[in-house]
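**Q** Have a look at this one.
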Amino acid sequence: MAMHGHSAACCSIPPIVSKGYEPKGKYETIGGLKTYVTGPADATKAILYIYDIFGYFPQSLQGADILSTADDKTKYQVFMPDWFEGNPADISWYPPDTKEKGEKLGNFFQTTGAPPATAAKVPKILKEIESKYSSINTWGVVGFCWGGKIVSLTTSTTSTPFKAGAECHPAMVDPSEAENIKIPLCMLASKDEPKDDVEKFEKNLKGEKHVEIFGDQIHGWMAARSDLEDQRVKSEYERGYKTLLEFFGKYL
């Protein structure tokens, strides 16, 4: 039982639904993009949830709902824009264990999923959201796989709009990007990210940080590739989201 402050967030997380999850939020068009919106409309704090390359999956929508409903004390409204405009990568391309799958994934990262192009859209989307939900005055960001790269790119600028950020099983970990991240950052890595890169990234972070490797989990266990019918995956998925809530509770 948590005794004080932000850590209480970890204790009121909704039960994880293994199969047939029904999202609690709704879809709105914001800044021209279909956006999944969940959480109290009068919240002053918001989290931008940047999905992985597979787009809207039940495991990701459930994650957004967990972040928006788990903490009674601090309420977050969570926004998940559809950066790919209805054309996410096909989950059958991963892992890229054939030449054809590798080519399809590579092409996706060069075109629809080019990280710098998406990162450049983030400030405008935040402004559009704020114009619709005027109570928001503080932003956090969390990204998964590909979304983790977007978090690195958007939190390492001097004008970052975010007060705290998090990356879960991030793709393309680049320790040099961490050198310019001054805000609190949480990184939850899987066994599939290069351990050396994760450790160097942690060393290079300038602000408050929480870096942890979930050593028996795959790249994607907190998002689309999560098999929540596997009890071990389910418990580590839950622990991952609790860790995010504790982190945001402390620094947002």
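Condition check ((1) in a helix (DSSP H, G or I); (2) over 19 Å from the mean Cα position of the chain (by Cα); (3) in contact (Cβ under 8 Å) with a residue 24 or more places away in the chain) across all residues:
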| residue | (1), (2), (3) |
| --- | --- |
| Thr35 | no, no, yes |
| Leu48 | no, no, yes |
| Gln62 | yes, no, yes |
| Asp65 | yes, no, yes |
| Phe79 | no, no, yes |
| Asn107 | yes, yes, no |
| Pro116 | yes, no, yes |
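**Q** Here's a follow-up. Looking at the structure I just gave you, is Glu167 under 14 Å from Gly220 (Cα atoms), of a type outside the set (Ser, Thr, Tyr) and part of a loop (DSSP other than H, G, I, E, B)? Reasoning before the result, please.
**A** Working: under 14 Å from Gly220 (Cα atoms): yes; of a type outside the set (Ser, Thr, Tyr): yes; part of a loop (DSSP other than H, G, I, E, B): no.
So Glu167 does not fit the description; no.
**Q** For region 144-172, which residues satisfy the criterion of being more than 13 Å from Leu252 (Cβ to Cβ) and either charged (D, E, K, R) or touching a Ser or Thr at 6+ places or on another chain (Cβ under 8 Å) (or both)?
**A** Within region 144-172, Phe144, Lys149, Ile150, Thr154, Thr160, Glu167, His169, Pro170 meet the criteria.
**Q** Test of understanding: among Ala117, Ala89, which residue is over 26 Å from Glu212 (Cα atoms), surrounded by 20 or more Cβ atoms within 10 Å (Cβ to Cβ) and of a type in the set (A, V, I, L, M)?
**A** Ala89
**Q** Do we find that Val211 is over 20 Å from Gly63 (Cβ atoms) and among the β-branched types (Val, Ile, Thr) in this structure? Can you show your working first?
**A** On the way: over 20 Å from Gly63 (Cβ atoms): no; among the β-branched types (Val, Ile, Thr): yes.
Taking the combined requirement at face value, the residue does not satisfy it.
**Q** Hey, another quick one. Only one of Glu128, Glu85 is assigned to a helix (DSSP H, G or I) and either out of contact with any Asp or Glu (no Cβ under 7 Å at 6 or more places or on another chain) or more than 29 Å from Leu205 (Cβ to Cβ) (or both); which?
**A** Numbers: Glu85 fails: assigned to a helix (DSSP H, G or I).
Being assigned to a helix (DSSP H, G or I) and either out of contact with any Asp or Glu (no Cβ under 7 Å at 6 or more places or on another chain) or more than 29 Å from Leu205 (Cβ to Cβ) (or both) holds for just one of Glu128, Glu85, which is Glu128.
**Q** If Val211 satisfies all but one of (1) of a type in the set (A, V, I, L, M); (2) without any contact (Cβ under 8 Å) to a residue 60 or more places away in the chain; (3) in contact with a Pro (Cβ under 7 Å, 6 or more places away or on another chain), what's the number of the condition it fails?
**A** Here Val211 clears every test but (3).
**Q** Please count how many residues of region 209-236 are among the polar types (S, T, N, Q) and exposed (fewer than 14 other Cβ atoms within 10 Å of the Cβ). Lay out the reasoning, then the answer.
**A** We begin by selecting, within region 209-236, every residue among the polar types (S, T, N, Q); these are 217, 226, 231, 235.
When the remaining residues are screened for being exposed (fewer than 14 other Cβ atoms within 10 Å of the Cβ), the result is 231, 235.
Adding up the residues that qualify gives 2.
**Q** Assess whether Tyr241 counts as being in contact with a Ser or Thr (Cβ under 8 Å, 6 or more places away or on another chain), among the aromatic types (Phe, Trp, Tyr) and in a helix (DSSP H, G or I).
**A** no
**Q** Identify all residues within region 194-223 that are assigned to a loop (DSSP other than H, G, I, E, B), within 16 Å of the chain's Cα centre (by Cα) and either farther than 19 Å from Ile47 by Cα or not small (Gly, Ala, Ser) (or both); write none if there are none.
**A** So the first thing to find is which residues in region 194-223 are assigned to a loop (DSSP other than H, G, I, E, B), and the list is 194, 205-208, 215-223.
So of that shortlist, the ones also within 16 Å of the chain's Cα centre (by Cα) come out as 218-223.
Those that are assigned to a loop (DSSP other than H, G, I, E, B), within 16 Å of the chain's Cα centre (by Cα) and either farther than 19 Å from Ile47 by Cα or not small (Gly, Ala, Ser) (or both): Ile218, His219, Gly220, Trp221, Met222.
**Q** Another question about this same structure. Can you tell me which of (1) among the aliphatic types (A, V, I, L, M); (2) in contact (Cβ under 8 Å) with a residue 40 or more places away in the chain; (3) out of contact with any His (no Cβ under 9 Å at 6 or more places or on another chain); (4) at negative phi is the one Val173 doesn't meet?
**A** Unmet condition: (2).
Read-outs: derived from the displayed coordinates by stated rules, not from any lab. Just so we're clear, the structure is a prediction, and the values are computed from it rather than from any experiment. Methodologically, a virtual Cβ is constructed for each residue, glycine included, from the backbone with ideal geometry; neighbour enumeration extends over all protein chains shown.
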